């Protein structure tokens with residue numbers, strides 16, 4: 001299973017999205033390996049543009065595994081954020097939460113966001 005970040009879902013949802021990223025996400029979908037979490041869903045729904053994207057998101061809600069964000073995930077996000085800040089790295093809270101969710105559930109991530117590269121180095 002692979003937690004697909006908002007940054008990659010957006011590319012996959014848009015016809016003009018990056019072809020390479022779209023291909024990676026499509027491969028994960030076809031293999032049944034794509035997953036998301038509540039934070040990713042929230043980000044996507046808050047940036048949805050058009051009826052087609054809404055339709056696709058509703059379909060995804062029916063089929064994609066949803067990795068829960070438990071108290072343990074919140075705690076991990078706080079810890080990662082603290083370590084990042086200690087090293088002078090500032091990352092959006094939503095990225096901390098998504099990163100912590102992938103770590104907690106021991107799954108890889110698909111993303112198009114340099115913040116996750118920074119977090120992986122901590």
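The values are calculated or read from the model by the stated rules, or taken from the named source; none is laboratory data. What you see is a predicted model, and the numbers here were worked out from it, not measured in a lab. Quick reminder, even Gly has a Cβ in these numbers, built from the backbone with ideal geometry, and neighbours come from all protein chains shown.
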Item to check | region 62-95: number of residues that are touching a helix residue (DSSP H, G or I) at 6+ places or on another chain (Cβ under 6 Å), under 16 Å from residue 4 (Cα atoms) and outside any loop (DSSP other than H, G, I, E, B) | outcome: 2
Checklist entry - Only one residue in 96, 44 is under 24 Å from residue 121 (Cα atoms), crowded, with 16+ Cβ neighbours inside 10 Å, under 16 Å from the mean Cα position of the chain (by Cα) and modelled with pLDDT of 95 or more. Which one? => result 96
Checklist outcome for this item: Within region 6-61, residues being out of contact with any helix residue (DSSP H, G or I) (no Cβ under 6 Å at 6 or more places or on another chain), outside any helix (DSSP H, G or I) and either assigned by TED's automatic domain parsing to the domain that holds residue 104 or in contact (Cβ under 8 Å) with a residue 60 or more places away in the chain (or both) number 1
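It is to be established whether one or more residues within region 68-89 are in contact (Cβ under 8 Å) with a residue 60 or more places away in the chain and surrounded by 19 or more Cβ atoms within 10 Å (Cβ to Cβ).
Within region 68-89 (the criterion being in contact (Cβ under 8 Å) with a residue 60 or more places away in the chain and surrounded by 19 or more Cβ atoms within 10 Å (Cβ to Cβ)), the answer is no, since none of the residues qualifies.
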